[in-house]
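Engineer: Dropping the structure in here first, questions after.
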Amino acid sequence: METQKLLCELDEQIAKHDLLCHPYYQAWSAGTLTCADLSAYAGDYYHHVAAFPAYLSAFHTRLEDGEMRRAVLRNLADEEIEGQAHSDLWLDFAEGMGADRKAVRTAQPIDAVSDAVAWFRNIATNGSRAEALAAFYAYESQVPRVSETKSKGLKELYGADRKTCGYFDLHKYADVEHSRVWGELLAAELEQHPEQKEVALAAADEAAKILWQVLDGMEARRMATVN
């Protein structure tokens, strides 16, 4: 399957739930979130960030020897081995917003985050290869734009330092490559199994929707505090 055509179809699905259009991220960009909002967000969303390598590991163990398995392992190494672990970089962000690192690790996140973690873990463990690849693409393809917007807002509107913004500054670039790889792997998978195309597109749509619902949960909590 032609990779560029497939990516366009995937991106159309994901754009229906473009995270930068969500009211919570728009409030971030407008500077109307409080440090307490950002601290709570950091504490909750940490659990998805910390679980992402586990999604990759679960998927990796299902794969036979070959390029796909090695590509997943390279992504996993980027997350946890090369340089500072990405979950630790996220904790730098949480700490910069006033959260306690140990408390973030041990706290129970809001239901929307727990649901997202369970959904991604399940599709990595039990979904078809096409579904898992599409879900990873739906997540990581949005990260560079979102990270750039978050970093800009943190620096210009919330006075965050470089350490606090480190996770986002890294992911402005790292996930450009990661999402490219997911797209290419998915295109190759669908060349072999074209009957999986519709379920792959559905998985991308559902992944984007799940991530949007995480922000729904954040926004509902914020509005309850405001009101």
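Engineer: Would segment 69-80 turn up any residue that is under 30 Å from GLU198 (Cα atoms), without any contact (Cβ under 8 Å) to a residue 24 or more places away in the chain and either part of a loop (DSSP other than H, G, I, E, B) or within 16 Å of the chain's Cα centre (by Cα) (or both)?
Structural biologist: yes
Engineer: Look at TRP28 and say whether it is in contact (Cβ under 8 Å) with a residue 24 or more places away in the chain, over 24 Å from THR164 (Cβ atoms), hydrophobic (A, V, I, L, M, F, W, C) and buried (at least 16 other Cβ atoms within 10 Å of the Cβ). Spell out the reasoning first.
Structural biologist: Working: in contact (Cβ under 8 Å) with a residue 24 or more places away in the chain: yes; over 24 Å from THR164 (Cβ atoms): no; hydrophobic (A, V, I, L, M, F, W, C): yes; buried (at least 16 other Cβ atoms within 10 Å of the Cβ): yes.
Judged against the criteria, TRP28 is not a match.
Engineer: Let me ask something additional. Can you work out which of the residues in segment 81-98 that are aliphatic (A, V, I, L, M) and touching a residue at least 60 places away in the same chain (Cβ under 8 Å) is farthest from ALA134 (Cα to Cα)? Before you say what the answer is, go through the steps one by one.
Structural biologist: So the first thing to find is which residues in segment 81-98 are aliphatic (A, V, I, L, M), and the list is 81, 85, 89, 91, 94, 97.
After this cut, where a residue has to be touching a residue at least 60 places away in the same chain (Cβ under 8 Å) as well, the list is 89, 97.
On the way: LEU89: 25, MET97: 32 Å.
Per the stated criteria, the residue is MET97.
Engineer: I'm trying to understand the selection: among the residues of segment 17-50, which are in a loop (DSSP other than H, G, I, E, B) and under 16 Å from the mean Cα position of the chain (by Cα)? Give the steps one after another, and end with the answer.
Structural biologist: As a first pass, look at segment 17-50 and keep what is in a loop (DSSP other than H, G, I, E, B): 17-18, 22, 31-34.
Of everything in segment 17-50, those that are in a loop (DSSP other than H, G, I, E, B) and under 16 Å from the mean Cα position of the chain (by Cα) turn out to be HIS17, ASP18, HIS22.
Engineer: Name the residue, out of LEU154, LEU170, that is assigned to a helix (DSSP H, G or I), touching a helix residue (DSSP H, G or I) at 6+ places or on another chain (Cβ under 9 Å) and within 22 Å of ALA51 (Cβ to Cβ). Spell out the reasoning first.
Structural biologist: Details: LEU154 fails: within 22 Å of ALA51 (Cβ to Cβ).
It is LEU170.
Engineer: Return yes when ARG121 is outside any loop (DSSP other than H, G, I, E, B), surrounded by fewer than 23 Cβ atoms within 10 Å (Cβ to Cβ) and either modelled with pLDDT under 95 or of a type in the set (Ser, Thr, Tyr) (or both) and no when it is not. Break it down into steps so the answer makes sense when it comes.
Structural biologist: Working: outside any loop (DSSP other than H, G, I, E, B): yes; surrounded by fewer than 23 Cβ atoms within 10 Å (Cβ to Cβ): yes; either modelled with pLDDT under 95 or of a type in the set (Ser, Thr, Tyr) (or both): no.
Considered against the rule, which asks whether it is outside any loop (DSSP other than H, G, I, E, B), surrounded by fewer than 23 Cβ atoms within 10 Å (Cβ to Cβ) and either modelled with pLDDT under 95 or of a type in the set (Ser, Thr, Tyr) (or both), ARG121 comes out as no.
Engineer: OK, next. Kindly indicate whether any position in segment 100-118 is at pLDDT 95 or above, under 22 Å from MET218 (Cβ atoms), charged (D, E, K, R) and buried (at least 20 other Cβ atoms within 10 Å of the Cβ).
Structural biologist: no
Engineer: For residues that are of a type in the set (Lys, Arg) and surrounded by 20 or more Cβ atoms within 10 Å (Cβ to Cβ), tally how many sit in segment 130-171. Explain how you work it out, then say what you get.
Structural biologist: Our first condition is that a residue be of a type in the set (Lys, Arg); within segment 130-171, this holds for 145, 150, 152, 155, 162-163.
Imposing the further condition that a residue be surrounded by 20 or more Cβ atoms within 10 Å (Cβ to Cβ) reduces the set to 150.
The total comes to 1.
Engineer: Still on this structure, please answer the following. Counting only residues that are of a type outside the set (D, E, K, R) and in a loop (DSSP other than H, G, I, E, B), which one in segment 81-105 is farthest from the chain's Cα centre (by Cα)? Lay out the reasoning, then the answer.
Structural biologist: Step one: filter segment 81-105 for residues of a type outside the set (D, E, K, R), giving 81, 83-87, 89-91, 93-94, 96-99, 103-104.
From what's left, in a loop (DSSP other than H, G, I, E, B): 81, 83-85, 97-99.
Values: ILE81: 18, GLY83: 19, GLN84: 18, ALA85: 15, MET97: 20, GLY98: 22, ALA99: 21 Å.
Among those residues, the one meeting the criterion is GLY98.
The values are calculated or read from the model by the stated rules, or taken from the named source; none is laboratory data. All of these numbers come straight from a predicted model, not from anything done at the bench. Counting neighbours? That spans all protein chains shown, and the Cβs are built from the backbone with ideal geometry, glycine included.
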